[in-house]
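As structure tokens, the structure follows; a few thoughts come after it.
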Amino acid sequence: MKQIIAEKILDIERQHEVKILFAVESGSRAWGFPSQDSDYDVRFVYVHRPEWYLSIDEKRDVIEMPINDQLDMSGWDIRKALKLFRKSNPPLLEWLVSDISYYEAYGFKEEMLALRNRVFSPKASVHHYLHMAQGNFRQYLQGEEVRIKKYFYVLRPLLACKWIEKYNANPPISFQDLVCDLVTEPSLKTAIEDLLRRKMAGEELHLEKRVDVINDFVEREMERLTEFAKSAQSDLEDPTERLDELYRKYLKIVWNFG
């Protein structure tokens, strides 16, 4: 699959006349709980030729490749990425620390990574993760029978919130790291580890009786973290000037512009 992804990256560069700055895995593979049949969720940041930006019209700043059963690829233009980076966009912050890297060029990812803590907003991140946990919980984990594998899509963002509460820092991308650090109740940890083992072994985790120890934990923590979100820190030094410098720098580096 890595070879296919590498070929797709070259195809994207040719078809769209862009240069890709980095491409990484996101989703369940990056988070550490893939199924045997999980697809590949590839996310990338790219830069157009300088003249593309010299227009009075706003242009589409996303590239999305057709999705198939195995591969989902999409990316953001550098300007869009830096604007979202300024807002402490959690998915983008996760891309920067993904352990599965498919492509890197020009040093852009390393410079963004060096600024990651500077743009990190506890308040924005907690709201993002809490909203994700609440939405998945409402949609999939109500009633006596639930979609078991969806527990991971509630637990991971919920534990990310707890990490921010505890450390006031970016949460790790690894689900196992979050569980190891933050889940101390033996019965809860056992239930989570059992589901993780089954998922990674390839079991079909569809409708089953709900796991009460997990549901109780989720409901309790969502209520508590909703209160924490109201007081989470949001004051940050404006990084716009530094990000503008980065934007201009990589237009010059990639396209020998200016």
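Here are the numbers:
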| quantity | calculated |
| --- | --- |
| Candidates 125, 88 - the one that is of a type in the set (Ser, Thr, Tyr) and within 30 Å of residue 255 (Cβ to Cβ) | 88 |
| Matching residues in region 214-243 - criterion: being crowded, with 16+ Cβ neighbours inside 10 Å and within 24 Å of residue 175 (Cα to Cα) | 214, 215, 217, 218, 221, 222, 225, 228, 229, 232 |
| Test: residue 223 is without any contact (Cβ under 8 Å) to a residue 24 or more places away in the chain and under 13 Å from residue 161 (Cα atoms) | yes |
| Failed criterion for residue 49 (all others in (1) farther than 30 Å from residue 203 by Cβ; (2) exposed (fewer than 15 other Cβ atoms within 10 Å of the Cβ); (3) within 19 Å of the chain's Cα centre (by Cα) hold) | (3) |
| Selection within region 34-67 - in contact with a Leu (Cβ under 8 Å, 6 or more places away or on another chain) and under 25 Å from residue 112 (Cβ atoms) | 40, 42, 44, 45, 46, 47, 50, 53, 65 |
| Counted residues, region 188-209 - those being among the basic types (Lys, Arg) and surrounded by 16 or more Cβ atoms within 10 Å (Cβ to Cβ) | 1 |
| From the options 216, 194, 177, residue that is among the acidic types (Asp, Glu), under 25 Å from residue 93 (Cα atoms) and out of contact with any Cys (no Cβ under 6 Å at 6 or more places or on another chain) | 177 |
| Single residue of 168, 136 found to be touching a helix residue (DSSP H, G or I) at 6+ places or on another chain (Cβ under 7 Å) and at positive phi | 168 |
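Each reported figure results from applying straightforward, stated rules to the coordinates on display, with no laboratory input. Here the structure is a predicted model, which is why all the values come from computation and not from measurement. We place every Cβ from the backbone using ideal geometry, glycine too, and count neighbours over all the protein chains shown.
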